[in-house]
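The values are calculated or read from the model by the stated rules, or taken from the named source; none is laboratory data. All of these numbers come straight from a predicted model, not from anything done at the bench. Here Cβ is always computed from backbone atoms with ideal geometry, including for glycine, and neighbour counts include all displayed protein chains.
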Amino acid sequence: MKLLLKNIATLLQIRSNTTQKVSGADMKELPALQDAWLLVEDDVIHSFGKMSEIPVFIGVETIDCSGKMVLPSWCDSHTHLVYAGNREQEFVDRINGLSYQEIAANGGGIVNSAKELQATSEASLFAQSEKRLQEVIQLGTGAIEIKSGYGLTTQAEIKMLRVAKQLGVKYNITVRTTFLGAHAIPPEYKDNKDGYLDLVCGEMMEKITEENLADYVDIFCEEGYFSVADTNRVLEAGNKHGLIAKTHVNQFTAIGGVAASINHGALSVDHLEILKEEDISALKASDTMPVALPSCSYFLSIPYTPGRQIIDAGLALALATDYNPGSTPSGNMNFVVATACIKMKLSPEEAINAATINGAYAMGLSHTHGSITKGKKANLIITKEIPSYGYLPYAFGSNSIDKVILNGVIV
Ligand code: NIG
Ligand code: FE
């Protein structure tokens, strides 16, 4: 099957297949071709070039992209898309003055979602989650990471990861899965955190790796949740089971989770709303991708990750949604890109790099996703007729997407 995109006003994010991520000042560059064509063959990008040099294609299905931009689909490297129910009541409680931490201390938060998920059948969990996946695919997401962490029992964690895997199969989208058993301490282990971590690092991890349900291991390293010592323990156990670390660190406090994650070879460290000089230094000496989640900052009214400082230090930065029922009930990567520009002072070029190639890196997918490269997955966004790519974050409340192509198929 072939599909030709012709008269593309601007073809964005063209990279060689050796680019794994883009860092520092290089993030200001977004290599592009004006007046271009692109040929999709089966599920990959076959070739592309300038309209003035277009070869003759006979009998090929063609989309006229006059006035439109084409870019690689968003790579959302941090979500909790599989969950049950919602938490609107906590949203209202926060409007009325309670903090996210106060709500959690009163038995709300993550354990609230866990209670609901445990009582939800796998079929219903799948049905609830697939609606969200359908929506984010329409919004241009072409590869996604999905975490467990609302199960908090062996059975319910497995249920979540099975659903995440099945979603990838049904919707023909690349899904990377992360085991986040250490997301919160379940009520039955309230006074026995170590007992819960025995379960996480023992039975849960064993069964999950046996069934090959996870690529990565995660922990919420935060005051009131899990300490740096807990983080070391879980990541070490994860590494022994072949799970690479991708962690929740520095959301509310900087307690040393960044260095601990890096010491365990973390692929990414996510959140980083509170960042110390020593965290920047640790990142500089590593290949770990810092990931910012600006929709979470927006929704919780907490500080934004200092993305400007991170990039100006010469580091790479990725952007992701954090889609979840508590801190970010939105999986819209377009909003993430716009908010990174508006609130974190990233340029459109930096934000698009962060949401494509660097997002792919943060999922271990930069060899197949995140750029317009021959042989990479034909995961593409075709915009509406817009004046420039800067218009995407500028028109932050508009949907500027005309079509999305996933694995070579128009969705
Ligand atoms: O990434 N911070 C930890 N976990 C999620 C939120 C979990 C929740 O509130 O349900 C996050 O923001
Ligand atoms: Fe998260």
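Taking the stretch 205-221 only, how many residues are part of a loop (DSSP other than H, G, I, E, B) and surrounded by 21 or more Cβ atoms within 10 Å (Cβ to Cβ)?
Selection size over the stretch 205-221: 1.
When you check A285 against the structure, is it away from ligand 2 (no atom under 12 Å from the Cβ), surrounded by fewer than 24 Cβ atoms within 10 Å (Cβ to Cβ) and farther than 17 Å from L81 by Cβ, yes or no?
yes
Restricting attention to the stretch 296-337, and to residues there that are surrounded by fewer than 24 Cβ atoms within 10 Å (Cβ to Cβ) and among the small types (G, A, S), which single residue is farthest from ligand 1 (Cβ to nearest atom)?
Selected residue: G314.
Scan the stretch 21-58 residue by residue and report those that are surrounded by 13 or more Cβ atoms within 10 Å (Cβ to Cβ), in contact with a helix residue (DSSP H, G or I) (Cβ under 9 Å, 6 or more places away or on another chain) and among the aliphatic types (A, V, I, L, M).
Once the filter is applied, which keeps residues that are surrounded by 13 or more Cβ atoms within 10 Å (Cβ to Cβ), in contact with a helix residue (DSSP H, G or I) (Cβ under 9 Å, 6 or more places away or on another chain) and among the aliphatic types (A, V, I, L, M), the stretch 21-58 yields V22, M27, L30, A36.
In the stretch 62-81, is there at least one residue being surrounded by 14 or more Cβ atoms within 10 Å (Cβ to Cβ), among the acidic types (D, E) and under 30 Å from I185 (Cα atoms)?
So far as the stretch 62-81 goes, yes, one or more of its residues are surrounded by 14 or more Cβ atoms within 10 Å (Cβ to Cβ), among the acidic types (D, E) and under 30 Å from I185 (Cα atoms).
Yes or no: T178 touching a His at 6+ places or on another chain (Cβ under 8 Å), of a type outside the set (K, R) and in the same structural domain as Q128 (by TED's automatic domain parsing)?
No.
Taking the stated definitions as given, is T356 surrounded by fewer than 24 Cβ atoms within 10 Å (Cβ to Cβ), more than 16 Å from ligand 1 (Cβ to nearest atom), closer than 24 Å to G408 by Cβ and in contact (Cβ under 8 Å) with a residue 12 or more places away in the chain?
no
More than 16 Å from ligand 2 (Cβ to nearest atom) and either surrounded by fewer than 24 Cβ atoms within 10 Å (Cβ to Cβ) or modelled with pLDDT of 95 or more (or both): which single residue out of K240, K246 fits that description?
One residue alone meets the criteria, K240.
If the requirement is being under 21 Å from the mean Cα position of the chain (by Cα) and surrounded by 21 or more Cβ atoms within 10 Å (Cβ to Cβ), which of these qualifies: Y196, Y171, Y150?
Unique residue meeting the criteria: Y150.
Among (1) assigned to a helix (DSSP H, G or I); (2) over 18 Å from E236 (Cα atoms); (3) not hydrophobic (A, V, I, L, M, F, W, C), there is one condition R176 misses while meeting the rest; what is its number?
Every condition holds for R176 apart from (1).
Do we find that G85 is surrounded by 21 or more Cβ atoms within 10 Å (Cβ to Cβ), small (G, A, S) and in contact with a helix residue (DSSP H, G or I) (Cβ under 7 Å, 6 or more places away or on another chain) in this structure?
So G85 fails the test.
Sort out which residues of the stretch 1-49 are among the β-branched types (V, I, T) and in contact with a Pro (Cβ under 8 Å, 6 or more places away or on another chain), and write them in order of number.
Answer for the stretch 1-49, where residues must be among the β-branched types (V, I, T) and in contact with a Pro (Cβ under 8 Å, 6 or more places away or on another chain): just I14.
Looking at S113, S47, S99, S77 in this structure, which one is more than 16 Å from ligand 1 (Cβ to nearest atom) and polar (S, T, N, Q)?
Step by step, each of S113, S47, S99, S77 is checked, and only S47 is more than 16 Å from ligand 1 (Cβ to nearest atom) and polar (S, T, N, Q).
Listed here are the residues, each with its yes/no results for (1) under 20 Å from H80 (Cα atoms); (2) without any contact (Cβ under 8 Å) to a residue 12 or more places away in the chain; (3) assigned to a loop (DSSP other than H, G, I, E, B).
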| residue | (1), (2), (3) |
| --- | --- |
| V92 | no, yes, no |
| Q101 | yes, no, no |
| G107 | yes, no, yes |
| A114 | yes, no, no |
| T120 | yes, no, yes |
| A123 | yes, yes, no |
| E130 | yes, no, no |
| L133 | yes, no, no |
